[in-house]
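First up is the structure itself, then whatever we jot down about it.
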Amino acid sequence: MNGKTDKAELLKKLEEYRKRKYTVEQVDYAFGSTNNQVSDDFRVDLDTALSELPGEIVDWVTSNILFVSSEDLAFFLNRKELMHVKGLVFLSEKLKDKSKDRQVFCIAHEVAHAKLGHRSAIGWTSKEEYEQQEKEADNLARKWLRQE
C-alpha cells in the first residue's frame, strides 16, 4: 500500500465511525449519571430520539448537554450540575404528546442549537437573528437525521 491508499482507508474508517448509531440502550447507558434531571417516562423518549442521531453527536451530547424535564411548576439545579454543560435543554411535557418523528426532530433541533453555539432566545432583540438561528438548527438537525 502507498501513502494515498492508507490515507483514503483511514478517512473512510473515520467517516464510518462518525456515522455510526447507538441503540436506545447504549444511549441510556451513556447518559447514566450525567442526565438525571429527566423523568423516567421522558428518558425513554429522549434515549429513542438521540439513538436516531450520528454516534459522534451522541458522544458530544452526553458530555455537553443537560436535559431537564419536569411536571412540577418549578425546580432547582445547583451550580455543580451546570458546570460541565455547554447547553441546557428544557423538555416540555407537551413534547410527549407529539409523534415519535416530531419528538426526534425537536430534540435534534435543540441539540443543533447547542452544537452551533447559538444564544438563548430569551432576551433577543433581533427577529432576524432568531430566524437565522432557527434555520441553521433546522438544517443541521435534518442533516443528522438523514444520514444513513
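Some observations on this one:
- Looking across the stretch 110-134, the residues that are in a loop (DSSP other than H, G, I, E, B), at pLDDT 75 or above and closer than 15 Å to Val89 by Cβ come down to Leu116, Gly117, His118, Arg119, Ser120.
- Some residue of the stretch 2-16 being under 18 Å from the mean Cα position of the chain (by Cα) and modelled with pLDDT of 70 or more: no
- Of everything in the stretch 61-98 that is closer than 20 Å to Val27 by Cα and either in contact with a Gly (Cβ under 7 Å, 6 or more places away or on another chain) or in a loop (DSSP other than H, G, I, E, B) (or both), the residue that is modelled with the lowest pLDDT is His84.
- The condition (being at pLDDT 80 or above, of a type outside the set (S, T, N, Q), more than 25 Å from Glu131 (Cα to Cα) and part of a helix (DSSP H, G or I)) is satisfied by just one residue among Val104, Val44, Val58, Val27: Val58.
- Of the criteria (1) more than 18 Å from the chain's Cα centre (by Cα); (2) closer than 26 Å to Asp59 by Cβ; (3) among the aromatic types (Phe, Trp, Tyr), which one Phe90 fails: (1)
The values are calculated or read from the model by the stated rules, or taken from the named source; none is laboratory data. Please read all numbers here as calculations on a predicted model, not as lab measurements. Using ideal geometry, Cβ is built from the backbone for each residue, glycine included, and neighbour counts are taken over all protein chains shown.
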